[in-house]
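J.: Please find one structure pasted underneath; my questions will follow.
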Amino acid sequence: MIVNLCISCAVFLPSYYKVGFQCLQGQLIYLIIPNLFFHLQEELRCDLSQFSASLKSYENTQNTSDTNLNKRTKSIYTPLELQFLEMKKQNKDAVLCVECGYKYRFFGEDAEIAAKELNIYCHQDHNFMTASIPSHRLFVHVRRLVAKGYKVGVIKQMETAALKAAGENKSSLFSRKLTALYTKSTLIGEDILFQINLVSDSNVEDVTTDVPDNYLLCICENGENLKDKKKGDIVIGITAIQPTTGEVIFDSFRDCASRSELESRVLRLQPVEMICPSSLSDRSEKLINSITSMRLRDDRIRIERMENLHFEYSRAFQLITDFYTKEVPGPQKLSVILSLDKPVICSLAAVITYLKEFNLERMLYNPSNFKQLSSETEYMTINGTTMKNLEIIQNQTDMKTKGSLLWVLDHTKTSFGRRRLKKWVTQPLMKCSEISARLDAVSEILLSESSVFGQIRNLLCKLPDVERGLCSVFHKKCSTQEFFLIVSTLSRLDLEIQALVPVIHSYVKTPLLQNALLEIPELLSPVKYYLKILDEEAAKTGDKTQLFKDLTDFPVIRKKKEEILGVLSKIQLHLLDIRKQIKNPSAEYVTVSGQEFMVEVKNSHKSSVPSDWVMVSSTKAVSRFHSPFIIENYRHLNQLREQLVLDCSAEWLRFLDRFSEHYHTVSKAVGHLATVDCLFSLAQVAKQGDYCRPTVQDNQQEIIIKNGRHPVIDALLGEQDQYVPNSTNLSGDGERVMIITGPNMGGKSSYIKQVALITVMAQIGSYVPAEEATVGIVDGIFTRMGAADNIYRGRSTFMEELTDTAEIIRKATSRSLVILDELGRGTSTHDGIAIAYATLEHFIRDVESLTLFVTHYPSVCELEKVYPDKVGNYHMAFLVNEGESAEQKGFDDEESPEFITFLYQITKGVSARSYGLNVAKLADIPEEILKKAAHKSKELEGILNMKRDRCWDRSCSTSLWVTWTVGLSAPSASLPMTPSCVVRLIHWREGMPSRGTLTRL
């Protein structure tokens, strides 16, 4: 203000004052200003009021100038940019594709993302960076962006050129609207579907390509009390939905600090997207980070955060009440939902809120289709650790399906059958009657000589994914091509299975297979009606204006078509007037480059054309014209045609709505087809050599296998090499624990996995790779295998071992199969032996489960003497290789490492040594290191023998007691406390124990 005042005053000052004014700098102005006004009054005798007025006028001039400057520097947005900004405000977390004529454009940060991820050109245009893609490639680029983890929005023009020209806002911007949102779990709609050519049958194979599961999983935590929270225990509710298939799963469970229960469910479902509260517990966050870090970027789980208030029970209760009373009327539906556990209700409410963004909430309308994920009375427990260790659904090398149990069993012909088989594999049955029903069906397919089974199998070949297609129809997001493909396929299946009904009655005897096949025609009966309504050619080309054959049920379309015919007839009658005007009785309308109803006149006769006609185009020979009548009616015709397209699109959605009334019925038929496909797949497995039908018993605690083989290794070897079979005999009434020793790489881990996988296969209802097999129903398989730390969850290798072991101790029962592979190797020898011994005795004496225990600690084998009726010592057989002398290798006799030949045969007895130097040789460790290692091994062995002999001389074969508390042994308080395992060590022969680990009594 002072500066402005000085500038203003300078106008009225004499020259000598102006010189002084130019010298004003910094704080001097406060000293000069008073003198300035004094001289103005005394010497110039200026009227102060006039001066003030002049000063105010000058300041106003300056302010106006500043305002104009701001206007010039402020960004001026184009109408399209303003429209984009408005839509971006409402969808800040989405990459928006904006339809602009024949292309889709990205703006601002979205354009930079698109340029980076899609490898397209990005440039500055007005105020934003921009990039574009062709309209016909939209579905490709949407998929690519979604695969990278982005939420993608598609904004389309809601007006056509002709209708806009006829409207009131001719000069305004095209109206646009967000028509679809896509994420990894919500890829449904015409924009992202592959274009399907239905002309030839060969192309149908293109739509049978398998699409992985795309579960959306929502997690809600509920700490019941402060004590549980401090321990890390928490109650978790989950809701999982697969929008592309309509499957809805829920579960509620108490989890400990290790979050093993949550991990097992996440690994079983393998979601592509997760909804989480903005603040999860630290342990749950670490688990999710750990799981997502194991995947490549394109395969990584997308995490969607929602505010915590969306998970509050009061809010969730109100939302669900409104949803199931207003949007989905029916008190029974609401009562079913409200009977669920509170954490499940909260997670379900969050899912409803999220899916409403995508208009996919319709899948939640029918709560009777909701299924609980875990049921201890129906399915065998296979936690996440076991699923990884046994490689149930993917191998641990490259995380692919090949090399897993699912890969061995999967001979399905359909995508929906493959998904059903995956559920069977991850959820082995526990009811003997259900297992026998599957085995009976597989046996009938395998042994029957009737051709009906071959005919049924052929029906399943080259089928599109009708399960996903039906879901797309239900959401009203399918194209006419997809709908016709799905409906025509189902109609064909209906007719073909109906033709086989008499044969099925005669030759298919097993209830599971017969009931599934006979119910399909009845369930598919409504499909034929909808197929008859459609015009095949129009459906295949996507022409909705010609889609419906009979317009009786579509009065809006019929009326619009009548109006169009009226205009066309008037234009055709006008041709008579045109012929008279140009004196050419043979004149006809021509269409060139999409322009219709043009009158073509030779250039030599242009003089006959009326002056009010408009020339549209011309060549050297002819010119083409529109008469005023044609111009007016052609514009009206285009308006009617475009309105017809809009009306037909609206009627198409209503048509899909009517078909959706049969969605659950038709889906049940598809479920039967999936079951049939799975049974045929298991029958194909049974056809392989040396597979047998297992005997499954309900009340027996036993696993008896004669000459069993590892199903995956056996399949990988094929005919080039033969897998060495091994037998197993575990019984609750007899020997129920096998302690397995033997050389490294001798086949111990493969053997114990073999036993577990054969058990899983038997309870799935599959034949198994063995000569004979008898399996008592197992309620769970628990494994502790491998050695690796977990950086994301802050666990060392030993901590991982103990965490898994503690989980098994809590969960295993007398009907479980427990597999412990080299427990205790992550710590010192003495501590490792103590923990291994204590843990194994706990399972022998307290849990009484069927147990396979692999170890390199000979002292653990002493438990056979303590429990001779329950425990047996075994080892993997081998031969010491004496064919290569020490002199040939340059070793002294005393320092020569022993090398062995593996026999891979389970044999009774204990292996005294592990022959680790043999593995070192196979790994190409340098010979000088092997020589030094052999020398050191003999030296340590001599020292140990001396101590042992001294102990025996002093009669110190002492009984020792060991107390091991998992919580105290763990390096972190995050490992939950478990009951102390008190065991007795007999004939301690491994040297003196470390202090604090063993207590002599």
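J.: Which lysines does Lys753 reach when only Cα atoms under 16 Å apart count, and residues fewer than 8 places away in its own chain are ignored?
T.: Partners found: Lys388, Lys706.
J.: About the Cα centre of region 554-680, what is the dipole size in debye to 20, counting +1 per Lys and Arg Cβ and -1 per Asp and Glu Cβ, all else neutral?
T.: Here the size comes out at about 520 debye.
J.: A further question on this structure: Hey, rough spin-label estimate for Glu941 and Val590, points 7 angstrom out along Cα→Cβ, what's it come to in nanometres?
T.: Here the modelled spin labels are 10.2 nm apart.
J.: I've got another one for you. Going highest first, how would you order 671-679, 697-705, 299-307 by mean Cβ packing within 10 Å?
T.: In decreasing order of mean packing, 671-679, 697-705, 299-307 become 671-679, 697-705, 299-307.
J.: Moving on. Read phi for every residue in region 639-650 and hand back ³J(HN,Hα) as whole Hz from Karplus 6.51 cos²θ - 1.76 cosθ + 1.60, θ = phi - 60°, with x for Gly and Pro.
T.: 4, 5, 5, 5, 5, 4, 4, 5, 5, 5, 5, 5
J.: Past 18 Å, Cα to Cα: identify those pairs from Lys156/Lys561; Lys177/Lys559; Lys89/Lys476; Lys103/Lys540; Lys865/Lys908, in the order given.
T.: From the list (Lys156/Lys561; Lys177/Lys559; Lys89/Lys476; Lys103/Lys540; Lys865/Lys908), the Cα-Cα distance tops 18 Å for Lys156/Lys561; Lys177/Lys559; Lys89/Lys476; Lys103/Lys540.
J.: If packing is taken as the mean number of other Cβ atoms within 10 Å per residue, what is the order of 819-830, 931-942, highest first?
T.: By packing density, highest mean first, the sequence is 819-830, 931-942.
J.: Based on the mean of other Cβ atoms within 10 Å per residue, sort peptides 366-372, 183-189 so the most packed one is first.
T.: Those peptides, ordered most packed to least, come out 183-189, 366-372.
J.: For region 729-742, just list the computed ³J(HN,Hα) in residue order, Karplus coefficients 6.51, -1.76 and 1.60, θ = phi - 60°, integers in Hz, with x standing in for Gly and Pro.
T.: Values per residue, Gly and Pro as x: 9, 10, 8, x, 7, x, 6, 10, 10, 10, 9, 10, 10, x Hz.
J.: Among rounded, prolate and oblate, which fits region 79-182 when a ≥ b ≥ c are the square roots of the eigenvalues of its C-alpha gyration tensor, a/c under 1.5 means rounded, and a/b larger than b/c means prolate?
T.: Because a/c hits 1.5 or more and a/b exceeds b/c, region 79-182 counts as prolate.
J.: All other residues with a Cβ under 14 Å from the Cβ of Leu757 taken together, and with Lys, Arg as +1 and Asp, Glu as -1, what is their net charge?
T.: Once all neighbours under 14 Å are counted, the net charge is +1.
J.: A further question on this structure: With the cut-off at 1.5 for a/c, could you classify region 343-463 from its C-alpha gyration tensor as rounded, prolate or oblate?
T.: prolate
J.: Any idea what % of Cα-Cα pairs in region 552-657 are farther than 22 Å?
T.: Roughly 42 percent, rounded to a whole number.
J.: About its Cα centre, how strong a charge dipole does region 213-374 have in debye, to the nearest 20, once Lys and Arg get +1 and Asp and Glu get -1 at the Cβ?
T.: Magnitude of the dipole: close to 200 debye.
J.: If amide hydrogens are placed 1.01 Å from N in the peptide plane, which non-local residues have theirs closer than 5 Å to the one on Phe597?
T.: Here Val590 satisfy the definition.
J.: Could you let me know the centre-to-centre spacing of region 713-737 and region 790-861, using Cα atoms, in angstrom?
T.: After rounding, the separation between the Cα centres reads 23 Å.
J.: Mind checking the dipole of region 235-323: about its Cα centre, +1 per Lys or Arg Cβ, -1 per Asp or Glu Cβ, Debye to the nearest 20?
T.: 280
J.: Here's another thing I want to ask about it. Quick one: net charge of Ser660's neighbours, Cβ under 13 Å, K/R +1, D/E -1?
T.: For residues surrounding Ser660, the net value is +3.
J.: How big is the gap, in Å, between the Cα center of region 455-488 and the Cα center of region 390-406?
T.: So the two Cα centres are separated by 29 Å.
Each reported figure results from applying straightforward, stated rules to the coordinates on display, with no laboratory input. Nothing here was measured: the structure is a model prediction, and the numbers come from that model. Every residue, glycine as well, gets a Cβ built from its backbone with ideal geometry; the counts of neighbours run over all protein chains shown.
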